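Worksheet: one structure, shown below.
Every number here is computed from the coordinates shown, using simple stated rules; none is lab data. None of these values were measured; they are calculated from a predicted model. So basically every Cβ, Gly included, is an ideal-geometry build from the backbone, and we count neighbours across all protein chains shown.
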Amino acid sequence: MQELAFEIRDNSGAAHLTYHFLSNPWVREGGELGVTTYPLSWQILYTEKNLVHSDPVVRTALTSALPFLWSEIKILSQKEKRVMQLFSEQNMGKDGMSIPLRGLRGEVGLLTITSRNIHDFGRDRRRVYAATFSQIGAYMHEWFANYGGRREALAPPRLSIRERECLAYHGEGLMTQEVSYRLNISEATVRLYLATARHKLCAQTTCGAVAKAIKFGLI
């Protein structure tokens, strides 16, 4: 998985990529950089100083369901300001995009990519990054929870035929209107099936739901 992180970073042009396991619903755990391309010096500093508890990125991820930019974070304390200053001093990126992740049993994770250029997360590219890395994050989160010993094996959720069809067509790149035409149902009904599928799969986005459905062999 570590090699995959470096490959994704290099192919995407990002400065760094990190998957961060934050907690599960039963045991308070955190600060575990599960997969990262950050230099070892930062990993040691982050762990030894227990910066996870004053990291504004982590705080925002725990209360947000949508991807967010670091430049949009409201700093609430001097400790949070210091964490961001320490990161900046390491020269590991001009800005960051973080994607909150939720596992099938409530495990909380976070995928972050940092940029080499302050303009890398412009409006159009931001949407592309969010969609692409949401799927990557969902895969890493499930892998780490299952194979990293964070969760016992869990049977996949049961999706209806229509939910699977809507996810499958979405995964092929079809828009809601096109799916509606293919299945001979209204666009509102398509959106409803996608929403219930996201809920059952504990996915924040439809792209994330597609990734999980593929992983479980549901589509």
Size of electric dipole in the stretch 60-219: Cβ of Lys, Arg +1 and of Asp, Glu -1, about Cα centre, debye, nearest 20: 280 debye
Compactness relative to 2.2 N^0.38 Å, alpha carbon Rg of the stretch 34-95: 1.10
So which trypsin sites (Lys or Arg not before Pro) in the stretch 49-80 pass both tests, a DSSP loop state and at most 16 other Cβ atoms within 10 Å of the Cβ? Lys49, Lys74
Can you tell me how much longer the chain between Gln177 and Ala65 gets when fully stretched, taken as 0.36 nm per residue apart minus their C-alpha distance, in nm with one decimal? 37.8 nm
Counting only GluC sites (Glu not before Pro) that are in a DSSP loop and have at most 16 other C-beta atoms within 10 Å, tell me the longest site-free stretch of the chain. 30-151
Distance histogram in 10 Å bins (all Cα pairs of the chain, percent per bin): 8, 32, 34, 19, 6, 1
If I take R0 = 25 Å and measure r between the Cβ atoms of Arg164 and Ala131 in this structure, what FRET efficiency does the formula 1/(1 + (r/R0)^6) give, to the nearest 0.05? 0.75
So if R0 is 22 Å, what FRET efficiency would Asn146 and Ile214 give, r being the distance between their Cβ atoms, rounded to the nearest 0.05? 0.90
Taking the Cα centre of the stretch 159-219 as origin, work out the dipole magnitude from +1 charges on Lys and Arg Cβ and -1 charges on Asp and Glu Cβ, in debye rounded to 20. 240 debye
Here the relative contact order (percent) of the stretch 2-147, from C-alpha pairs under 8 Å and at least 6 apart, is 26 percent
Along the dipole axis of the chain (charges at Cβ: +1 for Lys and Arg, -1 for Asp and Glu; origin at the Cα centre), the most positive-end residue among Met1, Asn11, Thr47 is Thr47
From the cross-link list Lys49/Lys81; Lys49/Lys200; Lys81/Lys200, the entries with a Cα-Cα span beyond 26 Å are Lys49/Lys200; Lys81/Lys200
In terms of Cα to Cα distance under 13 Å, which aspartates and glutamates are near enough to Lys79, apart from those fewer than 8 places away along the same chain? Asp55
With the Cα gyration tensor of the stretch 1-126 giving a ≥ b ≥ c as the square roots of its eigenvalues, does the rule (a/c under 1.5 for rounded; else a/b larger than b/c for prolate; else oblate) give rounded, prolate or oblate? rounded
